[in-house]
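J.: The structure follows.
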Amino acid sequence: MDIKRVKDYIYWLYYQYLLITCSYVLEPWEQSMFHTITVTVFAMVVYTAYVFVPIHVRLAFEFFSQILGGQPESTV
Amino acid sequence: NPIVHNGGLYKRPFNEAFEETPMLVAVLTYVGYGVLTLFGYLRDFMRQWKIEKCQNATEREEQKDFVPLYQDFENFYNRNLYMRIRDSWNRPICSVPGAKVDMMERVSHDYNWTFTYTGRVIKDIINMGSYNYLGFAQKAGTCQEAAAKVLSQYGAGVCSTRQEMGNLDKHEELEKLVARFLGVESAMAYGMGFATNSMNIPALVGKGCLILSDELNHASLVLGARLSGATIRIFKHNNMQSLEKLLKDAIVHGQPRTRRPWKKILILVEGIYSMEGSIVRLPEVIALKKKYKSYLYLDEAHSIGALGPSGRGVVEYFGLSPEDVDVMMGTFTKSFGAAGGYIGGKKELIDYLRTYSHSAVYATSLSPPVVEQIITSMKCIMGEDGTTVGKARVQQLAENTRYFRRRLKEMGFIIYGNEDSPVVPLMLYMPAKIGAFGREMLKRNIGVVVVGFPATPIIESRARFCLSAAHTKEMLDTALKEINEVGDLLQLKYSRHRLVPLLDRPFDETTYEETED
């Protein structure tokens, strides 16, 4: 019973995505094209975030702590 | 006790609200339109390079080098969005459009370019789309019997214009009745409501006159104003400060080049605006008209029969005198269950229109059974047929209106317009939800009218409910339950109960007293 509710909820979320992006009115082949493009763009955003965000956060933290602390950091 | 705002002119509270579009919803709507535009360009590209068969109207081969006919935005929108959701409009009905209606089922196998009928008839759909405010669209009852009798007496066709041989005694009877109903000296009836506006405004004003028209006026008023050749200036919707500024400028500066005074200034307003559900601020308009000595043309197409304690329209709703309005126009299509329009006013005005109106000279006059339907329904509303059916209907409509609007607001939808107007626009905003709402409501056996661009601004698409005195409370409860379900399914409950306050300016900024000459 719970599985059915979860599946219905996920289907309802998919329906909202179709309505908001107007792919509800598109023909099936246009919908497939749109979903492919959206999923590709989303995957690229996630991958880029996974690869680059931790490094950038660490560098920004070091930069700000150097400004605020005032002590010269040894560049090793 | 007069309500003290805007000069103490209102005898009852004026509750009108237009909730602001939520920012996220507006952004997502633009995103949706962006996706549709991209796919529209793709499909147009494919159609031009013959990858896909072109099913819409195009120029002929020999005309391909001429100036293109179908490249503007309206045609682009038509091909690429309207066609995809076209099955919510032009639905064929096959019974009288009363509180419940039968509809013919149709399917499309090529994405709404062509339709085929399955042969099945969907019965007893609750009709929330017909302009049937007092429920006179019936196939049985006193109106129908009287109309059938007149049909057997006079036939259906008139075969002439009003000025030649088409002036029946029924028309004279109707006009006297309409004049008595409205409380004016004299009235004239025409065959078509749209033609009443578009053909009579040119007879009243011409070059050298000024027309001040509301932003959201109906196409018939706009067409009539443009045909007349007068100068047209637009004031913001129901905004009396904007109207007063325009009037002041007109009186002070006169005509544009020669600075001569305007021959006539005519203010065009409607009683109820059907896309917004708002009611005109008539006391203020009349005060302004008297102060600046201009004329008022009031189009009561949706408000006659639907407002006022005895159904006599927006003038009675505000408790004003019909002599203050120079030209009272209305239609018989909405509350009387017939067709046609009328103009009422002073005797000299109507006698002038009888000779000079294009509609009287060139258009066929009203058909006799239709005239009888109007006469019977009007007598019913006035109570002259000896029953209280008319009064009961007017009161039922007012109750239905208040109940329906209150329930929808409580559910959390964004509803535009005045508390007392029987036209209820429910905001949808996103283009995919236009088609989805129409289809989901039809699946649940409720027929609604959804409206998008170009009848409304492009992001403010809406579903418009027209209440009727023929709707019982059970029908309204069923409809509200289904609207609630569809609202949850489609996530339509945008309201954050933050109403934009009406601009009631303090009393001393706008003076309505007449100036001493």
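The values are calculated or read from the model by the stated rules, or taken from the named source; none is laboratory data. Keep in mind it's a predicted model, so treat the numbers as computed, not measured. All Cβ positions, glycine included, derive from the backbone under ideal geometry; neighbour counts span all protein chains shown. The area values use the complete protein model at the heavy-atom level, side chains included, leaving out ligands, DNA and RNA. Shrake-Rupley method; radii C 1.70, N 1.55, O 1.52, S 1.80 Å.
J.: Considering segment B:148-161 alone, what residues qualify as being in contact (Cβ under 8 Å) with a residue 12 or more places away in the chain, out of contact with any strand residue (DSSP E or B) (no Cβ under 8 Å at 6 or more places or on another chain) and not aromatic (Phe, Trp, Tyr)? Let's see the steps before the verdict.
T.: Residues of segment B:148-161 in contact (Cβ under 8 Å) with a residue 12 or more places away in the chain: B:148-151, B:153-161.
Cutting the leftovers down to out of contact with any strand residue (DSSP E or B) (no Cβ under 8 Å at 6 or more places or on another chain) gives us B:148-151, B:153-157.
Answer for segment B:148-161, where residues must be in contact (Cβ under 8 Å) with a residue 12 or more places away in the chain, out of contact with any strand residue (DSSP E or B) (no Cβ under 8 Å at 6 or more places or on another chain) and not aromatic (Phe, Trp, Tyr): B:Ala148, B:Lys149, B:Val150, B:Leu151, B:Gln153, B:Gly155, B:Ala156, B:Gly157.
J.: Open to solvent by 100 Å² or more (accessible area, probe 1.4 Å) and either closer than 30 Å to B:Asn418 by Cα or within 14 Å of chain A (Cβ to nearest Cβ) (or both): is that true of B:Glu62 in this structure? It would help to see each step written out before you state the result.
T.: Numbers: open to solvent by 100 Å² or more (accessible area, probe 1.4 Å): yes; either closer than 30 Å to B:Asn418 by Cα or within 14 Å of chain A (Cβ to nearest Cβ) (or both): no.
No.
J.: Considering every residue within segment B:169-178, establish whether at least one is at pLDDT below 95 and outside any helix (DSSP H, G or I).
T.: Among the residues of segment B:169-178, not one is at pLDDT below 95 and outside any helix (DSSP H, G or I), which makes the answer no.
J.: Also: Restrict the check to segment B:108-122 and report whether at least one residue is open to solvent by 50 Å² or more (accessible area, probe 1.4 Å) and of a type in the set (Asp, Glu). Working first, answer last.
T.: Step one: list which residues in segment B:108-122 are open to solvent by 50 Å² or more (accessible area, probe 1.4 Å), which gives B:109, B:111, B:114-121.
Narrowing further to those that are of a type in the set (Asp, Glu): none.
Looking for residues that are open to solvent by 50 Å² or more (accessible area, probe 1.4 Å) and of a type in the set (Asp, Glu), one finds none in segment B:108-122, hence no.
J.: Kindly list the number of the only condition in (1) part of a helix (DSSP H, G or I); (2) β-branched (Val, Ile, Thr); (3) more than 14 Å from chain A (Cβ to nearest Cβ) that fails for B:Val486.
T.: (3)
J.: Does A:Phe64 fit the bill of being over 30 Å from B:Ser108 (Cα atoms) and either surrounded by 10 or more Cβ atoms within 10 Å (Cβ to Cβ) or touching a residue at least 60 places away in the same chain (Cβ under 8 Å) (or both)? Even if it seems obvious, please write down each step before you answer.
T.: Working: over 30 Å from B:Ser108 (Cα atoms): yes; either surrounded by 10 or more Cβ atoms within 10 Å (Cβ to Cβ) or touching a residue at least 60 places away in the same chain (Cβ under 8 Å) (or both): yes.
Yes, satisfied.
J.: Run down B:Pro97, B:Pro68 and say which single residue is of a type outside the set (Gly, Ala, Ser), surrounded by 16 or more Cβ atoms within 10 Å (Cβ to Cβ) and not in a helix (DSSP H, G or I).
T.: Working: B:Pro68 fails: surrounded by 16 or more Cβ atoms within 10 Å (Cβ to Cβ).
From the options B:Pro97, B:Pro68, the qualifying one is B:Pro97.
J.: Another question, if that's okay. What are the pairs with Cβ atoms under 8 angstrom where one residue, in segment B:426-455, is open to solvent by less than 40 Å² (accessible area, probe 1.4 Å) and the other, located anywhere, is acidic (Asp, Glu) and assigned to a helix (DSSP H, G or I)? Sequence gap at least six, or different chains.
T.: From residues that are open to solvent by less than 40 Å² (accessible area, probe 1.4 Å), the pairs are B:Gly435/B:Asp87; B:Gly438/B:Asp87; B:Met441/B:Glu482; B:Ile446/B:Glu482.
J.: Give me the helices (runs of 4 or more DSSP H) completely within segment B:301-418, filtered to those with at least 2 residues that are more than 22 Å from B:Ala137 (Cβ to Cβ), ordered by residue number.
T.: Numbers: elements: B:314-317, B:347-356, B:358-362, B:368-382, B:389-411.
The qualifying helices (runs of 4 or more DSSP H) are B:314-317, B:347-356, B:358-362, B:389-411.
J.: Considering B:Val107, B:Val101, B:Val96, which residue is of a type in the set (Val, Ile, Thr) and free of Cβ contacts under 8 Å to residues at least 12 places away in the same chain?
T.: Working: B:Val101 fails: free of Cβ contacts under 8 Å to residues at least 12 places away in the same chain; B:Val96 fails: free of Cβ contacts under 8 Å to residues at least 12 places away in the same chain.
Every option except B:Val107 fails the conditions.
J.: Collect the residues in segment A:21-48 that are surrounded by 11 or more Cβ atoms within 10 Å (Cβ to Cβ) and among the hydrophobic types (A, V, I, L, M, F, W, C), keeping them in residue-number order. Steps first, answer last, please.
T.: The initial filter retains those residues of segment A:21-48 that are surrounded by 11 or more Cβ atoms within 10 Å (Cβ to Cβ), namely A:21-27, A:30-35, A:37-38.
Passing the criteria: A:Cys22, A:Val25, A:Leu26, A:Met33, A:Phe34, A:Ile37.
J.: Pick out the one residue from B:Leu349, B:Leu320, B:Leu307 that is out of contact with any Cys (no Cβ under 6 Å at 6 or more places or on another chain) and buried (at least 22 other Cβ atoms within 10 Å of the Cβ). Spell out how you get there, then give the answer.
T.: Working: B:Leu349 fails: buried (at least 22 other Cβ atoms within 10 Å of the Cβ); B:Leu320 fails: buried (at least 22 other Cβ atoms within 10 Å of the Cβ).
None of the others qualify; the one that does is B:Leu307.
J.: Among the residues of segment A:15-28, write down those that are farther than 16 Å from B:Met430 by Cβ and either more than 7 Å from every other protein chain (Cβ to nearest Cβ) or in contact with a Leu (Cβ under 7 Å, 6 or more places away or on another chain) (or both). It would help to see each step written out before you state the result.
T.: Narrowing segment A:15-28 to residues farther than 16 Å from B:Met430 by Cβ: A:27-28.
Of everything in segment A:15-28, just one residue is farther than 16 Å from B:Met430 by Cβ and either more than 7 Å from every other protein chain (Cβ to nearest Cβ) or in contact with a Leu (Cβ under 7 Å, 6 or more places away or on another chain) (or both), namely A:Pro28.
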